[in-house]
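As structure tokens, the structure follows; a few thoughts come after it.
The values are calculated or read from the model by the stated rules, or taken from the named source; none is laboratory data. The structure presented is a predicted model; accordingly, all values stated were derived computationally and were not measured. Here Cβ is always computed from backbone atoms with ideal geometry, including for glycine, and neighbour counts include all displayed protein chains.
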Amino acid sequence: PHPVILFAILCALVIVGSGIAGYFELSVVDPRPEGSKGRADNGLIEVVSLLNVAGLQQVLSELVRNFTGFTPLGTVLVALLGVGIAERSGVISAAMRSLVMGAPKKLVTFMVVLAGIVSNTAAELGYVVLIPLSAMIFLSLGRHPLAGLAAAFAGVSGGYSANLLIGTVDPLLSGISEQAAQLISPDYQVGAEANWYFMIGSTFVISTLGMLITEYIVEPKLGKYNPDEAPADSMEELTLEMDSHAVTDIERKGLRTV
């Protein structure tokens, strides 16, 4: 289903769940210390049923406040502005293509997986650009193109959220973690860089594993690829496609400036 449909289903489940829990008057002990903001006098967190007139009125009247009051919202919007400019200007695409196409032959697989991991900074750019590009690079080296496609897909999907830089997901996760932590300690703060060291370490671990699995498991099972069996027009199209993805002089100048 579309993400919007999934979100609507989850909202409906929350409303129904709150109605059931409210009917049975369920409650839990508030873990926050006495005197904390929002803590009830009886020290309990009681379920507020949304499955009645008052509850539905609360949902509609506080809809905007819930959206604008979401802690990570501001940070994520600012981060998306920067990422959007970098993607639209071609910086991220040029950097990713330069990383893969300029890699030594022995490190191509590692760089493909690494570029796939780093590409999550720009959302679906890795799926659109890197995966087909990796297949073409492997084919140009006389290696099986499906192995390159699989390596890139593993980096983009399997390495999602790992990165060398802080991405747009990190402010979101840190904001949610901060709100949860403040239930216990109201002054506790969680920065967007909280998982940075782990992300950097994970990037190289996943890149190395992706390279080893591709070269020692995936490629041997695919067998040796014979480029001579490919139609001549396909090889010509491959050459043209590779040339279209090559990093231009002006893009190299822009990357040096950045």
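Just a few scattered comments:
- Hits in segment 4-29 - residues which are under 26 Å from Ile184 (Cβ atoms) and either among the aliphatic types (A, V, I, L, M) or in contact (Cβ under 8 Å) with a residue 40 or more places away in the chain (or both): Leu10, Val14, Ala21, Leu26, Val28, Val29
- Look at (1) crowded, with 16+ Cβ neighbours inside 10 Å; (2) modelled with pLDDT under 80; (3) under 30 Å from Gln182 (Cα atoms); (4) not small (Gly, Ala, Ser) and you find that Arg97 fails only one, number (3).
- Hits in segment 143-170 (condition: at pLDDT below 80 and in contact with a helix residue (DSSP H, G or I) (Cβ under 6 Å, 6 or more places away or on another chain)): Gly167, Thr168
- Residues of segment 168-193 satisfying the condition of being outside any loop (DSSP other than H, G, I, E, B) and farther than 26 Å from Leu44 by Cα: Val169, Asp170, Pro171, Leu172, Leu173, Ser174
- In segment 210-235, the residues that are assigned by TED's automatic domain parsing to the domain that holds Phe138 and among the β-branched types (Val, Ile, Thr) form Cβ pairs under 6 Å with partners that are part of a helix (DSSP H, G or I) and modelled with pLDDT of 75 or more, at six or more places apart or across chains, as follows: Thr214/Thr109; Thr214/Ala147; Thr214/Ala151; Val218/Ala147; Val218/Ala150.
- Condition check for Gly210: assigned to a loop (DSSP other than H, G, I, E, B) and under 21 Å from Pro104 (Cβ atoms): no
- Selection status of Ile85, modelled with pLDDT of 75 or more, hydrophobic (A, V, I, L, M, F, W, C) and within 21 Å of Ala180 (Cα to Cα): no
- For segment 31-70, the tally of residues that are part of a loop (DSSP other than H, G, I, E, B) and without any contact (Cβ under 8 Å) to a residue 60 or more places away in the chain stands at 17.
- Here Gly201 does not fit the description of being within 30 Å of Leu146 (Cβ to Cβ) and touching a His at 6+ places or on another chain (Cβ under 9 Å).
- Segment 141-153, subset surrounded by fewer than 22 Cβ atoms within 10 Å (Cβ to Cβ) and under 19 Å from Val129 (Cβ atoms), residue nearest to the chain's Cα centre (by Cα): Phe153
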